[in-house]
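Read the structure below first, then the notes.
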Amino acid sequence: MKSSVASMATAITMGASTVLGAATNLKARESDITPITVKGNAFFKGDERFYMRGVDYQPGGSSDLADPIADVEGCKRDIKNFKELGLNTIRVYSVDNSKDHDECMNALAEAGIYLVLDVNTPKYSLNRAEPEMSYNDVYLQYIFATMEKFAKYDNTLAFFSGNEVINDGPSSKAAPYVKAVTRDMRTFLRARKLREVPVGYSAADVDTNRLEMAEYMNCGTDDERSDFFAFNDYSWCDPSSFTTSGWDQKVKNFTGYGLPLFLSEYGCNTNKREWQEVKALYSTKMTPVYSGGLVYEYSEAGNKYGLAKIDGDKVTTNKDYDALKKAFEATENPSGNGGYNSTGGASGCPKMQKPNWDVDSDSLPAMPKPAKKYLTEGAGKGDGFAGKGSQNAGTKSSGTATQGSGEVSSATGGSAASGTSSEGAAASLKPFQFSFAPVTVGLVTVVSTVFGASFVLL
C-alpha cells in the first residue's frame, strides 16, 4: 500500500534509514521462520534437508493478471487449503512491485509456507526473439525493485530469473541473456547487502536443449553460475512408473550435477491424476539429485489442471485436490540428508550443437551501464502492473563482460561478498540423455512468441 505520509514516501525513495522505514522492515519479519539456504546440491532449513512440497499459484492467469500476494483476503482464504494439503511452498509467476505484501507474506510464514517468485511480468521480461534489445536498464530496474520488495521476507525461498525463455533450438540464442540476468540479480542482492535469496531458472518441458541449459547455468565463474536449476516436467502420466515415465534416466543423467534441482511444474492430466509420482519424487531413488517439486496448479483456469475453482470468495476443491492430499499424506520425506551431494561443483559449458544449442561462446553480455547505479543507490520504486513495459525501452548492453564482473568488488568497487553457490571441484556429471515417456504431453503453459515469459493457460 502507498503511504499517506509524504515524508515517509520520500524517505523510502531516497533510501534513508528512518524510524518509519525500520518499522516497515520489522513488520515484514514478524513471523519466526527459518530462511532456506543452499548446501551442495540441496536446500536446507537450518541443518535439516528441505524438500519442496508445493503448488503453482496464480489465480486469474495472464489474461486477468492479478497479484495473489497483494490480495490479503484471497491469500488467507487459500492458505487454509495449502495447510490442508501439507504444502510448504508456493510459486507465484507475477507480482505487482508497487503494492504492499507484508500481510500475506507474514500469514504464509506463520503457516510455514515459503514463496518461489518469478520476478518477470508480461511487460517486463526478456524477448526471446530480440534478447539484446530487451536486456536493458529499464528491465533490470523493474526486477531489482521486485527483489528489494521480497528479499526482506525470510520465507522468500527463491527467485526465478526466467521461465521457459528457451523453448526450442533457435531461441537458445537468448541463453546468454538469461544467464546475464541471473548474474545481475545475484550481484544486486550482494551489492545492496540484502539477504542472498537463491536465484535460478525454470526451463521448459522440452528435450532439445534442456540438458544444455542445465549445464550452461552451472558453468563459468562463481558470479556467473546459478544457485539452482528447475524444469517443468509432464512426462509422468498415470498410470505410470519410475521407469515408464523416464524419470529413472533423468535421475541417472543428473547424478553429479552440482546445483539443487527441482520440478517447477509437474502433474500430467492426460489421464486420471492419481499423483503416483509423489511417492517417487520424495523417495531415496530421487532425493540424491532432486529437492521436490511444485504441482501445476492450484486454481482452475479452464485447462483442467487446477486443484480448486475460485468463484469470487468461494473456493471449491476437486478430486485432483483430494488425490494429491492423499498422496502427500502417504509419503514421508527420507530420513537424514536424502543422499545429497555435499560438495556440489560447476559443470563444463556445453559446446555449440546446431540446431538445438546455438550458443557459440561462454562469454556473457555486460550489464547495461545505466543499470550499474542501482547496485549502489538501490532500485527505487517499482512501476507495477501499470508500468509501460521494458521490451523496447532503455539502454541495452554495450559489450561483453569479463569473467568475474558480477562480483561485488568488480561491479561496485567495494569488497567482494561470498556467494551462495556451492564450492568444490567440477562435478562428475554424466552425459545428459533424457528419455521420454510413451505418452507425449503438450505444453501446459501458453508461451508467447514475443515474450520470454510463460503464464497460466485460460
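Overview of values
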quantity	calculated
Residue check for ASP360: part of a loop (DSSP other than H, G, I, E, B) and either hydroxyl-bearing (Ser, Thr, Tyr) or free of Cβ contacts under 8 Å to residues at least 40 places away in the same chain (or both)	yes
Matching residues, the stretch 73-117, being of a type in the set (A, V, I, L, M) and not in a loop (DSSP other than H, G, I, E, B)	ILE79, LEU85, ILE90, VAL92, MET105, ALA107, LEU108, ALA109, LEU115, VAL116, LEU117
Conditions (1) surrounded by 24 or more Cβ atoms within 10 Å (Cβ to Cβ); (2) out of contact with any Asp or Glu (no Cβ under 7 Å at 6 or more places or on another chain); (3) of a type outside the set (A, V, I, L, M, F, W, C): number failed by GLU148	(1)
Residue list for the stretch 294-312, filter: farther than 20 Å from ARG53 by Cβ and in contact (Cβ under 8 Å) with a residue 40 or more places away in the chain	ALA301, GLY302, ASN303, ILE310
Test for SER235: is it in contact with a strand residue (DSSP E or B) (Cβ under 8 Å, 6 or more places away or on another chain) and surrounded by 23 or more Cβ atoms within 10 Å (Cβ to Cβ)	no
Residue identified as under 30 Å from ALA66 (Cβ atoms) and surrounded by fewer than 22 Cβ atoms within 10 Å (Cβ to Cβ) among ALA323, ALA330	ALA323
Candidates THR255, THR284, THR244 - the one that is of a type outside the set (A, V, I, L, M, F, W, C) and closer than 25 Å to LYS319 by Cβ	THR244
Residue within the stretch 24-36 that is at negative phi, in contact with a Phe, Trp or Tyr (Cβ under 7 Å, 6 or more places away or on another chain), modelled with pLDDT of 95 or more and not aliphatic (A, V, I, L, M) present	no
Filter result for the condition that a residue is assigned to a loop (DSSP other than H, G, I, E, B), modelled with pLDDT of 95 or more and out of contact with any Cys (no Cβ under 8 Å at 6 or more places or on another chain), over ASN167, ASN120	ASN120
Meets criteria (of a type in the set (S, T, N, Q), at pLDDT 95 or above and either over 16 Å from the mean Cα position of the chain (by Cα) or surrounded by fewer than 21 Cβ atoms within 10 Å (Cβ to Cβ) (or both)) for SER134	yes
From VAL197, VAL206, VAL181, residue being under 21 Å from LYS354 (Cα atoms), out of contact with any Leu (no Cβ under 6 Å at 6 or more places or on another chain) and among the β-branched types (Val, Ile, Thr)	VAL206
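The values are calculated or read from the model by the stated rules, or taken from the named source; none is laboratory data. Because the structure is predicted, anything quoted here is derived from the model rather than measured. All Cβ positions, glycine included, derive from the backbone under ideal geometry; neighbour counts span all protein chains shown.
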